[in-house]
Amino acid sequence: MSPLVRRSLLVAFALLPFFPASAWPVNTATVTFRKVFKSSFPEFVEIRVNEVGQGTYDIRQLDEEANPQPFEVSRPLAQRIFTLTAQLHYFQGLNLDVHRRVANLGQKTFRYEKGGEAHEVSFNYTINSVADQLLTIFEGLARQQGDLSDLERTMRYDRLGVDKALLHLEADFNSKSLPDPERLLPALDQLASDDHFLDMARQRARVLAERIRNPH
């Protein structure tokens, strides 16, 4: 392989996390979580993750246009997602819904795809402990991405609202609702080092970033 070709491949690989899912290699396995819950906020959540942690998210109201955005999860979390998926037999022939009257909690779907293989299962509520673990991860990722989007929005457009966004994020971190909090560090570090923001918010961001880096 020539140096030029090798360099081109390395550059393409480095950029891979920012490619849309349609650009992933055909044989890359993916797990997709989708939740549709009308009259809630948000009404639509779709998170897709592949085996190495590359993914997309689309969180919005149903009347808004689809707009998947790239994101990543850590390799250990991606491995956990696929381990749980394997324990659920890749959703093939799976029935997760309880067979009794339960309040509408939103229609949730897990989907596994690899090459030409695809299996999915939908449910409102389940008592399957493995499926519940997988659901907790994906709903946590949706919450985490929502917190990050709120923080980035306030940093850009509403500096006085930054501390409130941080308080919400901190509460979710304290309740262990965020499955991959290290992904928040770039925004927290940026905030902590930017003297355009209030000292109170900068200090809160600094402390939270330190807690994420050193959880014990």
>> Checking residue 115 against (1) under 16 Å from residue 192 (Cα atoms); (2) at pLDDT below 95: exactly one of these is not met. Which one?
In response: (1)
> All but one of (1) surrounded by 15 or more Cβ atoms within 10 Å (Cβ to Cβ); (2) assigned to a loop (DSSP other than H, G, I, E, B) hold for residue 196; which doesn't?
Replying inline: (1)
> Does residue 140 satisfy being touching a strand residue (DSSP E or B) at 6+ places or on another chain (Cβ under 7 Å) and at pLDDT 95 or above?
Replying inline: no
> Can you name the condition, by its number, that residue 105 falls short on among (1) under 30 Å from residue 199 (Cα atoms); (2) touching a residue at least 60 places away in the same chain (Cβ under 8 Å)?
Replying inline: (1)
> Within region 125-166, restricting attention to residues that are among the polar types (S, T, N, Q) and either in contact with a Leu (Cβ under 7 Å, 6 or more places away or on another chain) or within 30 Å of residue 79 (Cβ to Cβ) (or both), which residue is surrounded by the most Cβ atoms within 10 Å (Cβ to Cβ)?
Replying inline: 144
> Do you know which residues across region 196-216 are under 18 Å from residue 154 (Cβ atoms), without any contact (Cβ under 8 Å) to a residue 40 or more places away in the chain and not aliphatic (A, V, I, L, M)?
Replying inline: 196, 199, 202, 203, 206
>> Quick test of your reading of the structure: residue 95 fulfils all but one of (1) free of Cβ contacts under 8 Å to residues at least 12 places away in the same chain; (2) in a loop (DSSP other than H, G, I, E, B). Name the failing condition by number.
In response: (1)
> Taking the condition touching a His at 6+ places or on another chain (Cβ under 8 Å), under 20 Å from residue 59 (Cβ atoms) and either without any contact (Cβ under 8 Å) to a residue 40 or more places away in the chain or buried (at least 19 other Cβ atoms within 10 Å of the Cβ) (or both), does residue 172 pass?
Replying inline: no
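The values are calculated or read from the model by the stated rules, or taken from the named source; none is laboratory data. All of these numbers come straight from a predicted model, not from anything done at the bench. Glycine also receives a Cβ, built like all others from the backbone with ideal geometry; neighbour counts cover every protein chain displayed.
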